[in-house]
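Student: Have a look at the structure that comes next, please.
The values are calculated or read from the model by the stated rules, or taken from the named source; none is laboratory data. Computed from a prediction, not measured in an experiment: that's the story for all the values here. Quick reminder, even Gly has a Cβ in these numbers, built from the backbone with ideal geometry, and neighbours come from all protein chains shown. Just the protein is used for accessible areas: all its heavy atoms, side chains included, with ligands, DNA and RNA removed. Shrake-Rupley method; radii C 1.70, N 1.55, O 1.52, S 1.80 Å.
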Amino acid sequence: MQLSLFDIPQPKIALQELFEAYFSCRSNKRNTVNAIAFEIDYESNLVKLCEEINNGTYQVGRSIAFIVNKPVTREIFAADFRDRVVHHLIINKLNPLFEKQFINDSYSCREGKGTHFGIQRVDKFIRQCSANYTKDCYILKLDLQGFFMSINKQILFKKLTEFINTKYNEPDKPLLIELCCKTIFNDPTKNCIIKGKRSNWNDLPNNKSLFHSPPNCGLPIGNLTSQVFANFYMDTFNHYIKHDLGIRYYGRYVDDFVIVHQSKEYLKELMQKLTSFLHSTLQATIHPKKIYLQHYSKGVKFIGAVILPNRIYIANRTKGNFYNAIEKQNRIARNHKPTKEEQSAFQSSMNSYLGIMKHYKTYKLRKGMIFKNLSAWWWNYVYLSGGIAKFEMKRKNYVG
């Protein structure tokens, strides 16, 4: 008896994988309205989502668009929570394969390879290239113009499809490619919900907004898939630098990258090669006003730090943002007893800055900024631990 196509079991995304993606997703977004609404009946919602994915009816929902001003002014598109679950599903499947291909010195959105790792690596590059500051070497730092908004979706999806077909050997491969296609080619500007005022976009350059991106270009800042796919998009450039050009001292964090070399002339000539490769292969452009080429003794600003011989400082912008964050929290505690959510937000905000700063010689800076500026009201609810490294909540005052 010959089986028809309809009798052959089709590959499916397992429900268990959706549950794993959901728990991973909600660990960061549990207090949002979308997350709470989904969680009320999350088992039924996940079953329905799994059915939609497997029968091909899944469609991307509406995003919420808004502007943030710290650390810099940016446009954010927050995907619907169920779409975020799908994003985690995709990345859970692809990340192990990406990690095998990515170079060591790609620092963004990778476990164990964050800002601190990137800063320490570039500091090491400078010391090695200069023979511990005894020989001349030079630092070239470049920035890609309107990076996320200029990512070409056709190029990205073609590269990603080839990668999945070559590297991914599970039976649900067609479904994974379909989910990637729907995620990448979704236009979040269509039917989005605007949070705030339209005038919030007035000071944002067009090349930093998806509302002004060329057709089939741009990934929304705010999605996990955007961050990881951007890394994948630039992987071709990373391998070109490291393997085709044989450059040893190179590191990249999102759209900022640093190259250290003994010859200033070599770095000058190199810029034309990089410009040509980026334009022809990825349709990316080096920002003409953000080209930095200096002797190592002048130092370099990279990922929120200033790297100088034998010392690393926190950049002024990071210090300013920390001060502004303290003032924001002071305004909350000044008016009323902070709610559970506000206390949690305080702890998250303050500890994110302390987590960065504690890696460097900033004890006096942290002590001065906190004890001089933090409102006395907050000390009713928090205390410091680990030598001004972390805020802990006083449980008796924690609002349950």
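Student: Per residue, how many Å² of accessible area does the range 95-220 show with a 1.4 Å probe?
Tutor: That works out to 49 Å² per residue.
Student: Could I ask something else about it? Among the aspartates and glutamates, which have Cα under 18 Å from the Cα of residue 167 when same-chain residues fewer than 8 positions away are ignored?
Tutor: Reachable aspartates and glutamates: 99, 178, 235.
Student: Using the C-alpha gyration tensor of the range 253-313, what are the square roots of 5 times its eigenvalues, in whole angstrom, with the largest one first?
Tutor: 24, 15, 8
Student: What is the range 315-393's relative contact order, in percent, from Cα pairs under 8 angstrom and six or more apart in sequence?
Tutor: Working: 55 pairs, mean separation 30.2, N = 79.
This gives 38 percent for the range 315-393.
Student: Placing +1 at every Lys and Arg Cβ and -1 at every Asp and Glu Cβ, with all other atoms neutral, what dipole size does the range 15-308 have around its Cα centre, in debye to the nearest 20?
Tutor: Using only the charged Cβ atoms, the result is roughly 1060 debye.
Student: Among (i) -0.32, -0.68; (ii) -0.29, -0.60; (iii) -0.29, -0.66, only one was calculated for this model; which label is it, if the read-out is log10 I(q)/I(0) by the Debye sum over Cα atoms at q = 0.06, 0.09 Å⁻¹?
Tutor: (iii)
Student: Between residue 395 and residue 379, what is the label-to-label distance in nm when each label sits 7 Å out along the Cα-to-Cβ direction?
Tutor: Between residue 395 and residue 379, the label points sit 2.4 nm apart.
Student: Using a 10 angstrom cutoff on alpha carbons, build the Gaussian network for the chain and name the most mobile of 244, 143, 80.
Tutor: Maximum among the listed residues: 244.
Student: Per residue of the range 133-139, what does 6.51 cos²θ - 1.76 cosθ + 1.60 with θ = phi - 60° give for ³J(HN,Hα)? Whole Hz please, x for Gly and Pro, Karplus curve as stated.
Tutor: Per-residue couplings from phi come out as 6, 10, 10, 5, 7, 10, 10 Hz.
Student: Cut-off 10 angstrom, C-alpha nodes, Gaussian network model of the chain. Which of 376, 78, 65 fluctuates the most?
Tutor: Its mean-square fluctuation being the largest, the pick is 376.
Student: Any idea of the accessible area per residue across the range 248-327, 1.4 Å probe, to the nearest Å²? It would help to have the intermediate numbers written out before the result.
Tutor: On the way: 4100 Å² over 80 residues.
With all protein chains present, the range 248-327 gives 51 Å² per residue.
Student: Beta carbons within 10 angstrom, averaged per residue: use that to sort the peptides 343-355, 269-281, highest first. Write out the running numbers ahead of the final one.
Tutor: Values: 343-355: 17.1, 269-281: 13.8.
The peptides rank, most packed first, as 343-355, 269-281.
Student: Assuming a strict under-13 Å limit between Cα atoms, what lysine pair count do you get for the range 315-393 once near-sequence pairs (fewer than 8 apart, same chain) are dropped?
Tutor: Summing the qualifying lysine pairs gives 7.
Student: In square nanometres and to one decimal, what's the mean projected area of the convex hull around the Cα atoms of the range 143-253?
Tutor: 8.9 nm²
Student: A further question on this structure: For the range 102-209, state which trypsin sites (Lys or Arg not before Pro) are in a DSSP loop and have at most 16 other beta carbons lying within 10 Å of their beta carbon. Mind dumping the intermediate values first?
Tutor: Values: sites: 110, 113, 121, 124, 127, 135, 141, 153, 158, 159, 167, 182, 190, 195, 197, 198, 208; in loops: 110, 113, 135, 190, 195, 197.
Passing sites in the range 102-209 are 135, 190, 195, 197.
Student: Another question, if that's okay. State the answer as a single residue: which of 288, 150, 349 lies farthest towards the positive end of the charge dipole of the chain, with beta carbon charges of +1 for Lys and Arg and -1 for Asp and Glu, about the Cα centre.
Tutor: Farthest towards the positive pole: 349.
Student: Please compute the contact order of the chain in relative form: average sequence separation of alpha-carbon pairs under 8 Å and at least six residues apart, divided by the residue count, as a percent.
Tutor: 20 percent
Student: Using +1 at the Cβ of each Lys and Arg and -1 at the Cβ of each Asp and Glu in the chain, identify which of 36, 117, 101 lies farthest towards the dipole's positive end.
Tutor: 117
Student: Next up: Around residue 360, which amide H atoms from residues at least 5 apart in sequence, or from another chain, sit under 5 Å from its own amide H, with H modelled in the peptide plane?
Tutor: Counting only residues 5 or more places away or on other chains, the set is empty.
Student: Over the residues of the range 315-393, compute the C-alpha Rg and express it relative to 2.2 N^0.38 Å.
Tutor: 1.02
Student: Next question, about the same structure. Starting from the Cα of residue 316, step 7 Å along the direction of its Cβ; do the same at residue 132; then give the gap between the two resulting points in nm.
Tutor: Placing both labels 7 Å beyond Cα along the Cβ direction yields 3.4 nm.
Student: Rounded to the nearest percent, how much of the accessible area of the chain (1.4 Å probe, protein heavy atoms only) is carbon and sulfur? Intermediate values should be presented prior to the final figure.
Tutor: Values: 10430 of 20730 Å².
Looking at the chain in its full context, I get 50 percent from C and S.
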